[in-house]
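Engineer: Following this message is one structure expressed as structure tokens.
The values are calculated or read from the model by the stated rules, or taken from the named source; none is laboratory data. Being a predicted model, the structure only gives us computed values, none of them experimental. Because the Cβ atoms are built from the backbone with ideal geometry, glycine has one as well, and the counts that use them run over all protein chains shown.
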């Protein structure tokens with residue numbers, strides 16, 4: 001596969017929700033059973049991060065073929081040009097089994113992404129708080145001989161402690177896992193078939209549970225365990241050269257330092273994770289907004 005062929009074949013999928021939507025909030029309250037179900041960090045969109053993420057795509061990865069935004073009906077970003085030929089809004093009820101909707105569990109939502117109609121065989125999956133900070137190429141996701149590069153492991157481990165704890169849950173590796181993922185649709189389906197009981201269990205959970213298998217973690221394990229001849233892990237030292245994970249907290253001093261550092265580093269990939277609790281520090285919010293507006297000035301072609 002040469003560069004031109006790759007450029008024409010890679011789509012991009014975002015998962016997104018507008019937590020400020022009053023109808024959505026009513027639905028969440030209707031199904032919620034415990035306080036953590038209402039955690040605002042899971043739903044709010046105070047920075048409109050996907051808008052800036054799309055600006056980063058336009059600026060740093062214009063070779064992306066088509067962009068799908070996967071969300072609950074009838075939502076769509078109010079700033080988005082929904083008629084843009086490169087954008088498609090896909091609602092959960094177009095893809096999910098009827099018994100699995102509505103869901104507020106992103107683990108369930110992610111398990112369905114490979115079933116989006118028209119999606120390319122290989123696609124990049126991003127959460128809406130993932131952004132590109134410098135030029136991105138297909139070669140950032142493939143080796144020279146065509147193997148899929150797997151982000152988010154320490155040293156490419158795929159056995160024992162990497163996968164399971166005593167409850168047979170998929171074990172996380174912390175901050176390094178908040179990175180983009182190149183997904184092969186057929187691998188994602190075969191991953192389901194490799195551990196169907198884990199996928200089926202999460203579908204019964206309307207909200208995230210601590211015991212949920214996370215599909216993107218299961219995919220890393222499946223790729224390195226069962227597609228070893230066609231996949232290669234990016235080790236932690238390699239990943240840290242191109243990727244950054246940042247928690248947005250209410251500590252103003254630390255946030256000022258962190259965003260100055262991000263401006264200097266300009267990583268290929270980075271994640272801005274909302275960790276501000278129930279009462280975001282408005283001074284921190286302003287710092288983040290100013291950083292995004294400065295890093296990605298001007299509207300993208302995807303905005304109204």
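Engineer: Quick test for you: out of 250, 273, pick the one residue that is modelled with pLDDT of 95 or more and within 26 Å of residue 35 (Cβ to Cβ).
Structural biologist: Exactly one of 250, 273 is modelled with pLDDT of 95 or more and within 26 Å of residue 35 (Cβ to Cβ), namely 250.
Engineer: Among what's in the range 289-303 and is outside any helix (DSSP H, G or I) and modelled with pLDDT of 95 or more, pick the residue that is surrounded by the fewest Cβ atoms within 10 Å (Cβ to Cβ).
Structural biologist: Only one residue tops the list, namely 297.
Engineer: Do we find a residue being touching a helix residue (DSSP H, G or I) at 6+ places or on another chain (Cβ under 8 Å), modelled with pLDDT of 85 or more, within 20 Å of residue 104 (Cα to Cα) and in a loop (DSSP other than H, G, I, E, B) anywhere in the range 193-202?
Structural biologist: For the range 193-202, residues touching a helix residue (DSSP H, G or I) at 6+ places or on another chain (Cβ under 8 Å), modelled with pLDDT of 85 or more, within 20 Å of residue 104 (Cα to Cα) and in a loop (DSSP other than H, G, I, E, B): absent.
Engineer: Go through 110, 30 for me and flag whichever is farther than 30 Å from residue 282 by Cβ, within 14 Å of the chain's Cα centre (by Cα), modelled with pLDDT under 95 and not in a loop (DSSP other than H, G, I, E, B).
Structural biologist: 110
Engineer: Would you be able to tell me the number of residues in the range 188-200 that are surrounded by fewer than 22 Cβ atoms within 10 Å (Cβ to Cβ) and either under 19 Å from residue 92 (Cβ atoms) or within 18 Å of the chain's Cα centre (by Cα) (or both)?
Structural biologist: 4
Engineer: Another question, then. Can you confirm whether residue 45 is buried (at least 17 other Cβ atoms within 10 Å of the Cβ), in contact with a helix residue (DSSP H, G or I) (Cβ under 9 Å, 6 or more places away or on another chain), within 30 Å of residue 298 (Cβ to Cβ) and at pLDDT below 95?
Structural biologist: Judged against the criteria, residue 45 is not a match.
Engineer: Hey, among 253, 241, which residue is assigned to a helix (DSSP H, G or I), more than 20 Å from the chain's Cα centre (by Cα) and surrounded by fewer than 20 Cβ atoms within 10 Å (Cβ to Cβ)?
Structural biologist: 253 is the lone residue from the list that is assigned to a helix (DSSP H, G or I), more than 20 Å from the chain's Cα centre (by Cα) and surrounded by fewer than 20 Cβ atoms within 10 Å (Cβ to Cβ).
Engineer: Now, a different point. If the requirement is being within 30 Å of residue 292 (Cβ to Cβ), part of a strand (DSSP E or B) and more than 13 Å from the chain's Cα centre (by Cα), which of these qualifies: 124, 90?
Structural biologist: 90
Engineer: State whether one or more residues within the range 151-158 are at positive phi, at pLDDT 70 or above and surrounded by 21 or more Cβ atoms within 10 Å (Cβ to Cβ).
Structural biologist: Yes, there is a match, as at least one residue in the range 151-158 is at positive phi, at pLDDT 70 or above and surrounded by 21 or more Cβ atoms within 10 Å (Cβ to Cβ).
Yes/no per residue for (1) closer than 18 Å to residue 11 by Cα; (2) without any contact (Cβ under 8 Å) to a residue 60 or more places away in the chain:
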| site | (1), (2) |
| --- | --- |
| 65 | yes, yes |
| 74 | no, yes |
| 87 | yes, no |
| 93 | no, yes |
| 100 | no, no |
| 104 | no, no |
| 107 | no, no |
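Engineer: Within the range 256-283, track down each residue that is touching a helix residue (DSSP H, G or I) at 6+ places or on another chain (Cβ under 8 Å), in contact (Cβ under 8 Å) with a residue 60 or more places away in the chain and surrounded by fewer than 16 Cβ atoms within 10 Å (Cβ to Cβ).
Structural biologist: 275, 277, 278
Engineer: Determine which single condition residue 20 fails, assuming it passes every other condition in (1) in contact with a helix residue (DSSP H, G or I) (Cβ under 9 Å, 6 or more places away or on another chain); (2) more than 30 Å from residue 144 (Cβ to Cβ).
Structural biologist: (1)
Engineer: Right, residue 286: under 20 Å from the mean Cα position of the chain (by Cα), surrounded by fewer than 18 Cβ atoms within 10 Å (Cβ to Cβ), farther than 22 Å from residue 106 by Cβ and without any contact (Cβ under 8 Å) to a residue 12 or more places away in the chain or not?
Structural biologist: Against the criterion (under 20 Å from the mean Cα position of the chain (by Cα), surrounded by fewer than 18 Cβ atoms within 10 Å (Cβ to Cβ), farther than 22 Å from residue 106 by Cβ and without any contact (Cβ under 8 Å) to a residue 12 or more places away in the chain), residue 286 does not qualify.
Engineer: Look through the range 204-230, keep the residues that are part of a loop (DSSP other than H, G, I, E, B) and in contact with a strand residue (DSSP E or B) (Cβ under 8 Å, 6 or more places away or on another chain), and return whichever of them is nearest to residue 190 (Cα to Cα).
Structural biologist: 227
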